[in-house]
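To keep things clear, I will list the structure first and then write my remarks on it.
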Amino acid sequence: MNDLVSKLGLGTAQWGLAYGVSNKSGQTKAGEVARILTYAKSVGIQVVDTARVYGESEDVLGTNDLSALKIITKLPALGAQGENYAFSERLLDSFFEKSLHALGVERVHGLLIHDCNDLFSKSGNTIVSFLHKLKSLNKATKIGVSAYNSHQIDRVTRLFKPDIIQLPFNVLDQRLLRDGTLSFLKTLGIEVHARSAFLQGLLLMKAQDIPSYFSPWKGKILAWHDLCRGIDLNPKHLALDFVASNGLIDHVIVGVENLSQLIELSYLRPTRYNMDSLSTYAVADEKLLNPSLWKI
């Protein structure tokens with residue numbers, strides 16, 4: 001297994017929802033998911049990332065043999081329950097048990113807090129204690145959070161030391177590399193899982209398919225495609241290698257809609273391109289970098 005593929009983890013939002021700005025095929029069928037998982041295991045891909053809020057994703061996964069895979073799931077955003085909702089350990093346990101039941105497993109490799117802002121609420125200590133309890137009971141091998149920016153990560157690491165932090169990182173979104181956050185996490189020994197390597201497919205879209213919302217940044221996106229054509233590399237290849245080749249990243253979570261997409265990724269090899277030169281494509285505007293803010 002080459003260095004690029006060894007870092008791959010499978011994102012599963014597409015398996016439970018019609019997810020992604022470039023997704024034209026809708027939710028992946030259960031039979032196709034089974035074929036994807038079988039192939040993933042055959043090429044040594046182990047990490048599978050899912051969540052309670054990914055529609056039917058956990059249920060679809062649960063119809064498969066997951067014993068050779070490292071399943072990571074997430075508790076739903078507790079803030080969505082309402083300001084006056086009591087974030088008791090009982091509530092947290094009920095969400096976790098639903099995940100275990102759907103997945104058909106007794107334990108998971110990782111359990112993350114989907115919205116790390118929940119940790120900054122009055123129930124933050126309860127949540128942290130719950131995570132440590134599950135780890136001590138061997139119900140979750142590793143615990144952690146999903147975060148969006150360095151401010152959140154700084155606050156999280158002041159509360160406790162996660163085993164895993166999932167965060168965004170791609171050619172356009174280099175904020176956490178440039179401000180030293182990735183290096184900081186490495187010094188703490190925290191495992192870093194990068195998501196949004198393709199920014200929900202935006203980095204791979206043809207010019208005519210890019211929604212009008214992205215017009216303010218279209219020049220940067222087109223310049224990225226011009227570069228890839230100039231050096232004769234598929235944008236998917238270079239975008240993935242940009243993330244995977246970074247020594248501060250432990251796993252790259254990539255969503256695939258079908259088996260052919262995974263086969264394509266599994267045949268990619270490190271490009272040996274000078275990744276430092278891609279710093280010119282970095283953007284700081286969160287209206288582009290945070291998909292939850294997109295108006296499309």
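The values are calculated or read from the model by the stated rules, or taken from the named source; none is laboratory data. Note that this is a predicted model, so its numbers are computed, not measured. For neighbour counting, all protein chains shown are included, and Cβ atoms are generated from backbone atoms with ideal geometry for every residue, glycine included. Calculation scope for accessible area: heavy atoms of the full protein, side chains included, ligands and nucleic acids excluded. Shrake-Rupley method; radii C 1.70, N 1.55, O 1.52, S 1.80 Å.
Name all residues of segment 96-123 having a backbone nitrogen under 17 Å from the label point set 7 Å from the Cα of residue 159 along its Cα→Cβ direction, giving them as ranges. Residues 96, 111-123 fall inside that zone. Using the Cα gyration tensor of the chain, with a ≥ b ≥ c the square roots of its eigenvalues, what is the shape: rounded (a/c below 1.5), prolate (a/b larger than b/c) or oblate (neither)? Prolate, because a/c is 1.5 or more and a/b exceeds b/c. Note on the chain: dipole from Cβ charges, positive end direction compared against 281, 72, 238; the farthest Cα belongs to 281. Helix 150-159 sits at what angle to the longest principal axis of the chain, using alpha carbons and giving 0 to 90 degrees rounded to 10? It works out to around 30 degrees.
How large is the dipole of the chain about the Cα centre if only Lys and Arg carry +1 and Asp and Glu carry -1, each at its Cβ, rounded to the nearest 20 debye?
Numbers: 32 positive and 29 negative charges, 43 e Å.
Dipole magnitude for the chain comes out near 200 debye.
Each helix, a run of at least 4 DSSP H residues, gives -39500 (n - 2.57); summed and divided by the residues of the chain, these come to -10500 deg cm²/dmol at 222 nm. Taking 0.36 nm per residue of separation and subtracting the current Cα-Cα distance, fully stretching the chain between residue 122 and residue 184 would add 19.6 nm.
When each of the peptides 65-72, 222-229, 48-55 is scored by the mean number of other C-beta atoms lying within 10 Å of its residues, the order from highest to lowest reads 48-55, 65-72, 222-229. Per the Debye formula with a single identical scatterer at each Cα and no solvent contribution, what log10 I(q)/I(0) holds for segment 177-245 at q = 0.14, 0.22 Å⁻¹? These q points yield log10 I(q)/I(0) values of -0.55, -0.99. With the convex hull drawn around the C-alpha atoms of segment 99-143, the volume per residue stands at 70 Å³. Counting only protein chain heavy atoms and rolling a 1.4 Å probe, the accessible areas of 271, 187, 38 rank, largest first, as 187, 38, 271.
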